[in-house]
Amino acid sequence: MAFWNELLTSTTADAETQFDRLKNRLFGRLDASKPYRIIYYRGFGSPTAVWLTGRVLRQRDLSTPSDRDTFWQNLLATYQRFGSREVPGVTVRIEAFGQAYTAVTDSDGYFQVTVNPPNDLPPGRAWFPVRYSLDGIKQPATELNEEHGPVVKEGHLMISPPYSQFGVISDIDDTVLVTDATNLIQTAKLTFLGNAYTRLPFAGIAAFYRALQSGPVTTLFNPIYFVSSSPWNLYDLLVDFFRIQGIPKGPILLRDLDLSAKLLSSQGHHTHKLSMIRKVLDVNPQLPFVLIGDSGQQDPEIYSQVVRENPGRILAVYIRDVTPDQRDESVRELIRTTQAEKVPMLLVADTVEAAEHAASLGLIDPDTIPEIRADRRADEAS
C-alpha cells in the first residue's frame, strides 16, 4: 500500500509540474498585457508577532457580484478565479507599523512574512493598516490603463486587543456557509456556478457570531478566525459573502489548490486545518478559544485533538449536525472523550441551540438570544 501511495503522489506531482510548464508556454505571451494584482489575505497576530501572507497574480480585477448576475457571469468569474496566472520570484514590499519588510514570491506566487509590532500599540484597537507593493515592477500600458503606475495594495491586519476575553475558531463549509460538502456534485455546483449573493448562510449564524465577538459585555472585541480547506482562489467570494450576510470580519485561512495526492486526501484536509488552528493558538497564547464546526468532514476529530493538545484553553466546542445517524454515533463517542477532558462539546441541531449554551457559560449576552432567533427565522424564510 505504501508503494502505491508513493507512486500516486509522485505521479500527480509530475503531472502538476508538466501542466505548469505547458501553461507557462501557452499563456506567457498572453499575460504580457494583463495587470499585476497583489492579493492580500488578512494578517493576524499578537502584540509580539504578526503573520502576513498574500499572492501576486497577473489578473484583471474581478467584477463586483450582484444578486442579478446570470449563470454565465458567475461561470466567467469562477474561470477568472481559477485561471489566474501566478507570478513567482518577485519582491513584495510590506509596510506596517512604520517599518518596511520584504518577501519573495514562491513558485505559486505566494509570499509570507512575520513582522514585529511596536510596544506602544493603542490598547483599544484591533485592526491596523498594511501596505503592499512590488519592487521594480509597474503596470503594463493597455487601452484601459495608459500609465505605467506602481503595483500597490492597501490592506489590514488584526491583533487581538488586551481586553479580549476569548477567541473563536470557526470552520466555513457547512458551518457558516451552506456547501453540502459531503456531496461533491452539489458542492461543485454551488462553488462554480454561484456567487456571494446566491450562497446561503446557516440560519442565524451572523447574529450568533456577532454575539460571540461582543461577548457578554458589548464593549469587548473577541477575535474570530475562519479556517477551511477551500482553495485561496475562493477568498474574494468568501469576503464578499461575509460582508453581505453581516458576519463579523476576521482572518480567513484557506490553502493552496494542489494536485498532490496528499492534499487531495482526507488526511491532507486534517493536516491543513490542524496546522492553521495551531498557528492561531500560538500567536494568541493569552487567549482561550471556542471552536465551531460541523459533523460532515473531520471537525470533531480535529477539535478533539486540539482539546487534548491544549489543556485548559478550549472553553467549548460546537458541532453542527449535518450528517446521517451512523456518523452521529462516532461523533458522540468523540464528544464523550472530549467531555472527559472537562470541555463541553455539543452536537447541535441549529445555531440557537449553540447560542443558548454559550449564554449559559457566560460567553455571550443572554439578551442577544432573541436577535439570534429572529435572524434564524429571517434566514430560513429567505
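Couplings 3J(HN,Hα) for the stretch 341-355, derived from phi with the Karplus relation 6.51 cos²θ - 1.76 cosθ + 1.60 (θ = phi - 60°), are 8, 6, 10, x, 10, 10, 9, 10, 7, 7, 5, 4, 4, 5, 5 Hz, where x marks Gly and Pro. His156 exposes around 80 Å² of accessible area when a 1.4 Å probe is run over every protein chain in place. The H on the amide N of Arg42, modeled in the peptide plane, is under 5 Å from the matching H of Ile252, each at least 5 residues off or on a different chain. Taken along the Cα-to-beta-carbon direction at a fixed 7 Å, the label points for Ser382 and Lys279 span 3.1 nm.
Checked against a 21 Å cut-off, the cross-linked pairs Lys249/Lys279; Lys279/Lys342; Lys273/Lys342 give Cα-Cα distances beyond that limit for Lys279/Lys342; Lys273/Lys342.
Across Lys279, Lys273, Lys138, the residue with the most accessible area heads the list, and the full order at a 1.4 Å probe is Lys138, Lys279, Lys273. Model label points for Arg93 and Leu361, set 7 angstrom from Cα along the Cα-to-Cβ axis, are 4.6 nm apart. Net length available on complete extension from Arg327 to His156 is 57.6 nm, with 0.36 nm assigned per residue and the Cα-Cα distance removed.
The values are calculated or read from the model by the stated rules, or taken from the named source; none is laboratory data. The model shown is predicted, which means the values in this text are computed figures rather than measured ones. Reconstructed Cβ throughout: ideal geometry from the backbone, glycine too, with neighbour counts over all protein chains shown. Calculation scope for accessible area: heavy atoms of the full protein, side chains included, ligands and nucleic acids excluded. Shrake-Rupley method; radii C 1.70, N 1.55, O 1.52, S 1.80 Å.
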